[in-house]
Amino acid sequence: MLNIKHLPKPTLPTHPLRKDTYDGHCDNFTPIVIDNGATTLRWGWGSEDGSWLPYQGPNCIAKLKERRTNKPLLLFGEAIELESGARAQAKSPWEGDVLLNFDAMENVLDYVFIQLGIDHPDIDNPVVMTERLCTPLHSRMLTSELIFELYSCTGLTYCIDAIMSFYENSCNVPLRGQYHTECSFKSDGLVLSFNTASTSVIPVLNGKGILSHAKRIPWGSSQASDYLLRLIQLKYPNFPTRVTTVQTNWMLQNLCEVSTDYPALLRQLKDPLKLRASEQVIQFPFALPVVEEKTEEELARITEKRREQGRKLQEMAAKTRMEKLVQKENDLQYLLALKEGKARDNKREWANKLQNEGFDSDSALNETIKKLENDVKKARKKEAGDGDDQTIEEPTFNLVDVPDADLDEEGLKEKRRQKLLKAGFESRARARKEKEREREEKQREEKREEEEREVDLNGWARKLRQEQEAALSDRKSAAAQARMKSIANLASDDRVPKKKRKGGGGDHQDMFGADDADWAIYRKINTAAPSSDEEDDLAQLATVEQKLLAYDPTFTPQHTHASIATKRSALLSAFRPTYEEGDVEGNARIHLSTERWRVCETYFAPSMAGVDSAGLGEVIQNVLARFTEEEKGRLVKNVFLTGAPSQLPGLVPRLQATLRPILPPEMSFEIVKARNPALDAWHGMARFSRTSDFKKTWMSRDEYHEHGPERIRRWWGSNWDNALPPESNR
């Protein structure tokens, strides 16, 4: 039974309703709290209690013109999905993990302040806004310029979202109507923040982030979604529907898991049954084709027409094969006659004859004759068919020996037809004789092999097993040897003088391609389609295996080539099941098996996705190594996980398995998830904005003009770069 999941249906955007007007917040200097996430933007008033949900939406905008009125439109967040033309124009303020597009940031802030009901040219409220760990000064400078120069806000405080989420989860008091209280944040912990484009490890001691020891790896949920998309595109190169990053992000959040031991899991999934049991199937939208119903008379007429076309094609193919066979037989007879004339010519005359016929040497002539003999032999066998044992009377060809001058136009046509029929009859007769000779030779070989088997059964079985091993080895097959010979000849290139090849000087020129025959090498070494030599190898291998199965009790069907190939194909079929060509619903499905764990494993081994970075476990070990044993014990007693990817199933057991080997045996640790990874950072910022310490952390308008836009106040929840100490006089 397939575990089929359907993609979520797109929903209409919900327009946020204003809870109150700006008049009640203007005089009270209520802080405006903005969680400026790379994926989702959340905003609201800091005076709201914990039960109130902030406004939120995708952090992107789109500019376009309305189709009917030709008026310019500015869409934000979910509204972009309503306009098909707006999706291509969507733009985010973020580029990866850096805030860069400040024209989009300005439009986003316009939307935020409009939704908050602010209708004044100047905003007489302080703003609390998040920024990334170790954010570039250029991004901070332009953001501060927007807040102070464009909106004239009273003050601006920057904070790190991961620390604010940790602060909110450390406070057990509900967020209700508390203002100007003391901030008693003294918790210890190791904060693991899983963001959109990065993952951060921040140690916190006594309620202060130790950012000098913090680390960040360039891998987040957006890179994981892109990696999953690349894996799907590699697995389904001809998928009928376009797979988007929005869909792979949904798959990452709902279908992917973190494995405690990824290599051991892969060893378990080598079993095709376990692999199929572990997969998740995603059903994409599809449209059933419109089938035109036809009457029985029309179906019968179409069937008869197809049969007639098949007969014509068979006749044309038989005629073409016969013409080619006659041509090859004539060429073979001509070359054999040319070879017999060698005894009558001297060396110079013989060399001139070979050159005129296009041969470089006697070996080239002999090779061509041998190839023609093999081709004629195979063609005769094919023409002989299954009815060779029947006695066939020789037909009469009464016009073959009649001169052309004695025949009219119809007679000449009939003469040409009889010539072709006669050549075919003679060719089939020769093929029957050849087949009879091979049958007699085969009987003698079977009799000799039976005598050898009766004398020494073990030696006979050992010899056949060696033949089977040689046939199973690709290096020893006839087709592989022919390919290697072609590659070796191509590498040697006899047309380049030996002195130039040895010297390797500047006069050396690659002559490959000067002759049109050079390009045939690609057809010889191409392994995409099975060649006749490979077919002969497989037929010989099947014969050997049949004999071993019949006479060697130690040789079982599991040792045969078919059984080995079936096991391989069963694993491939379990990894990527195939559907019938006309199954529209089945072909619109994606089967996720190992990808579900492989994508999440990149957090601990980014090199799997081609990112030159340490994994999460190694980064945690490096951060903890900077602290004393006593401080390390305080940190690991509260390993705090925040961010949307922290909710991935299996993450906590994997971190437990990662931390245990790098800690002393007697040191205990605890891993805690955020209560609400999406909103805890905003609620933590709102909680802090009500404390008496909040005013000490913001940069006022006057301080902005005095110190410049890159300066911030340094406090326990902010970055440290280019920071001033807190203002204690406020």
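So the values come out like this:
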| read-out | value |
| --- | --- |
| Overall form of the stretch 211-365 per C-alpha gyration tensor (a/c, 1.5; a/b vs b/c) | oblate |
| Listed peptides 229-238, 404-413 by packing density, highest first (mean Cβ within 10 Å) | 229-238, 404-413 |
| Spin-label model distance (nm) - Arg462 vs Lys91, 7 Å beyond Cα toward Cβ | 8.0 nm |
| Whole-percent carbon and sulfur share, accessible surface of the stretch 296-384, 1.4 Å | 48 percent |
| Neighbourhood charge, 11 Å Cβ-Cβ cut-off, centred on Ile662 and excluding it, Lys, Arg +1 and Asp, Glu -1 | +1 |
| Highest average packing first - 200-211, 362-373, 296-307, Cβ atoms within 10 Å | 200-211, 362-373, 296-307 |
| Residues of the stretch 139-162 with amide N under 17 Å of a point placed 7 Å along Cα→Cβ from Glu710 | 139-146 |
| ³J(HN,Hα) computed for each position of the stretch 644-650 - Karplus, 6.51 cos²θ - 1.76 cosθ + 1.60, integer Hz, glycine/proline x | 4, x, 5, 8, 4, x, x |
| Which of Lys377, Lys65 is most accessible, then next, and so on - probe 1.4 Å | Lys65, Lys377 |
| For the stretch 604-656, average projected area of the Cα convex hull in nm² | 4.4 nm² |
| Per-peptide average of other Cβ atoms within 10 Å, ordering 34-40, 252-258 highest first | 34-40, 252-258 |
| Across Lys319/Lys377; Lys5/Lys215; Lys319/Lys415; Lys442/Lys547; Lys208/Lys696, pairs whose alpha-carbon gap is larger than 26 Å | Lys5/Lys215 |
| Net charge dipole size for the stretch 614-730 [Lys, Arg +1 and Asp, Glu -1 on Cβ; Debye, nearest 20] | 380 debye |
| Lys442-Leu73 FRET efficiency (beta carbon distance; Förster radius 60 Å; 0.05 resolution) | 0.10 |
| Glu329 accessible area, assembled protein chains, probe 1.4 Å, Å² | 20 Å² |
| Estimated dipole of the stretch 296-384 in Debye, rounded to 20 [Cβ of Lys and Arg +1, of Asp and Glu -1, Cα centre] | 220 debye |
| Counted charge near Glu304, where neighbours are those whose Cβ lies closer than 12 Å (Asp, Glu -1; Lys, Arg +1) | +2 |
| P(r) weight above 25 Å for the stretch 574-730, C-alpha pairs, percent | 58 percent |
| Per principal axis, descending, Cα span of the stretch 664-730 in whole Å | 53, 28, 21 |
| Gain on full stretching of the segment that runs from Ser607 to Lys186 - 0.36 nm per residue minus C-alpha separation | 147.8 nm |
| Percentage of interatomic Cα-Cα distances in the stretch 85-226 larger than 19 Å | 63 percent |
| Rh (Kirkwood; distinct C-alpha pairs) - the stretch 296-384, Å | 16.2 Å |
| Prolate/oblate/rounded label for the stretch 268-321 (Cα gyration tensor, a/c 1.5) | oblate |
| Asn352 paired with Glu315, simple spin-label distance in nm, labels 7 Å along Cα-to-beta-carbon | 5.0 nm |
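The values are calculated or read from the model by the stated rules, or taken from the named source; none is laboratory data. Nothing here was measured: the structure is a model prediction, and the numbers come from that model. Neighbour counts are summed over all protein chains in view; Cβ atoms, including those assigned to glycine, are modelled from backbone coordinates with ideal geometry. Ligands, DNA and RNA are stripped out before the accessible areas are found, and what is left, the full protein with its side chains, is counted by its heavy atoms. Shrake-Rupley method; radii C 1.70, N 1.55, O 1.52, S 1.80 Å.
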